[in-house]
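What follows is a set of notes on a single structure, which appears directly below.
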Amino acid sequence: MASKVIGKCEEKFIIRCLRDRQRLDHRLPFVTRDIKIEFREEYGSAVVSLGLTKVLAQTCCKIVKPKETRPNEGRLRLQLKNSHNMVFNFETGRQTQWTTLMSRHLLQNIRDSGCVDMESLCILAYEHVWEISVNLHVVDYDGNILDCANLAALCALAHFRYPAVTVTGTDVHVHSLTERNPQPIRILHYPIMISFALFENGEYMLIDACEAEEKVMEGLFAIGMNQHKELSTLAMFGEISEEKVMEGLFAIGMNQHKELSTLAMFGEICLTRDQIENCISLAHNLVRDITKEMRTHNLVRDITKEMRSTLEKNREEQLQMIQAINHR
Amino acid sequence: MDIERQIDEFVLPGDPIALSTLPSPLDACHSIVLGPGLHYDKDTNAFTSHGCGLVREPSSLIYYVDGHRSAASSLSTDDLILGIVVRRQLESLLVDIGYNELASLSLYDFEGSTKRTKPNVDRGDVIYGRLKIDGECQPQITCVNEDGKADGMGVLHENGYLFSIPIDVANDLIHHDNLLQELGNEIPYEIAIGANGRVWIKATTTRTMIALRKVILERAKNKIDINQLKTLFQQSLVS
């Protein structure tokens, strides 16, 4: 897919493995790789590994003027930056295209699904709102950036704390971290993306393709959903036919409550309605597990308490040092 | 902060190196052989490292930097390499060997190829051939010996699998193949290793090929001993 020349033997081998129901790392077809989430010292900084693929997410905030069409909502920015490992897989120029496409889908998944409560980020309507920027860097590439980056962005947003603000009339006073505890962002649900790599015109599907499988795949089908089976994104890259997908869409429209926020299609691989429904139920199981893991994984830790205690420790140490100097 | 590094120490590009037995530069009987990653400056009589890794002295007066190398700095003429055909032109093929530019392979450089019977090679085929590279002209590949015989070179079967490993590991495997022989005692398989860091394997079942690939990649990651690799192989075959 949009890559440099691939050996015929590589393609043939992966398809033969699929026919024998095998994968290069002995996984079952609908199992993701190990997910490791590591939260770093600064608020909003997380490194998520999906097998060997690693994405680093860092969050920062600043106060800006809101959009004119939405004067009482905060803003969210997301940027995905590539690693040079990927250069070897893509022809010149195509890598940036691929990255921008993925960036767009990530942003749609996180912003347009309404997972972040934008109204809570408003400070003074029409004047001041918080703008949260998430910067994603691909540290190591071994296939499936979309899922990994999405998870990293979600973890970073969940981990992030922005300073408390008091508004008196039209005066806005931002409290420093020592004056008042910083506040977490209100996240209403976690829209996790699961990508399906498609082979042989949709006949074979794999979840979470590694690099060797991703080089050879014909199309990519990504579903973003939260644990309540509400879809936030349906994205297809590669060659997928419009008619078949529209049929599939119709069935999906009937059994969920939220509207789809994204549907992107290119080209022609046929995915029938049954296949899409299958994908959705498979994805749902995975998403439930991943959300559970995220929740129990350090998010509950009270980080401000830790910060307070380290500050106090430093003060005590300084006092001791001063006393020691005085005694000499 | 320019500490001179000794043998078996880790160096970064630009580090000066103190080589242990340095004959005087005017001594005509002895000559130092500098391998990849080292550079000698005549004016200042200093050795600096151009690569990352450990400085090694495999035998007296021969030195090199042992670490991951890129194809651009380590490919040389007469290396056997694996390439993928990118384009077929009228009388030659353009082959990707992981270098800065594509290599050229004349269609007449195959065994038994004449003007009337050119080989059936196209985009995506894997080639095993001998490299001729000099850093200035386009690199060239040939798939025949001086006497016109293929001797194992040429287009490799498309039921194999091609993957990449670091170049220094590939060179290691080419010269010390204990692991490969041991694996051969377990199951029959075919393997071709390119000095540009590519490996092509072929075995009877996909399961065996996946296990082989796993063992070679594990060997590439860290140098664990052969018995552990053999047990890993057995486990992969079963799982």
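The values are calculated or read from the model by the stated rules, or taken from the named source; none is laboratory data. This one's a predicted model, so the numbers in the text were calculated from it and none came from an experiment. Accessible surface areas use protein heavy atoms only, side chains included; no ligands, DNA or RNA. Shrake-Rupley method; radii C 1.70, N 1.55, O 1.52, S 1.80 Å.
At a glance:
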| quantity | calculated |
| --- | --- |
| Chain B - mean residue ellipticity at 222 nm from DSSP helices (-39,500 (n - 2.57) per run, n ≥ 4, rounded to 500) | -6500 deg cm²/dmol |
| Heavy atoms of A:Val55 accessible to a 1.4 Å probe, total area in Å² rounded to 10 | 0 Å² |
| Whole-Hz ³J(HN,Hα) from phi, Karplus 6.51 cos²θ - 1.76 cosθ + 1.60, for region A:36-44, glycine and proline x | 10, 10, 10, 8, 9, 5, 6, 4, x |
| Accessible surface ranking that places the most exposed of A:His284, A:His173 first, with a 1.4 angstrom probe | A:His173, A:His284 |
| 0 to 90° range, to nearest 10: angle between helix B:226-238 axis and chain B longest Cα axis | 30 degrees |
| Probe 1.4 Å, accessible area per residue of region A:143-202, Å² | 35 Å² |
| A/B buried area, accessible surface, summed, 1.4 Å probe, Å² | 1900 Å² |
| Probe 1.4 Å, all protein chains present, accessible-area order of A:Thr69, A:Thr96, A:Thr233, largest first | A:Thr69, A:Thr96, A:Thr233 |
| Subset of B:Lys115/B:Lys149; A:Lys12/B:Lys202; A:Lys8/B:Lys202 violating a 19 Å alpha-carbon distance limit | none |
| Accessible surface of B:Phe163 - all protein chains present, 1.4 Å probe, nearest 10 Å² | 20 Å² |
| Using θ = phi - 60° and Karplus 6.51 cos²θ - 1.76 cosθ + 1.60, couplings along region B:48-57 (whole Hz; Gly, Pro as x) | 10, 8, 10, x, 9, x, 9, 7, 10, 10 |
| A:Phe30 accessible area, 1.4 Å probe, all protein chains in place, Å² to nearest 10 | 80 Å² |
| Cα convex hull of region B:161-238, projected area averaged across orientations, nm² | 4.4 nm² |
| Shape call, chain B: gyration tensor on alpha carbons, a/c limit 1.5 | oblate |
| Members of region B:136-164 that become less accessible by 30 Å² or more once partner protein chains are added (1.4 angstrom probe, chain alone as reference) | B:Glu158, B:Asn159, B:Tyr161, B:Leu162 |
| Heavy-atom accessible area order for A:Cys61, A:Cys148, B:Cys137, largest first, 1.4 Å probe | B:Cys137, A:Cys61, A:Cys148 |
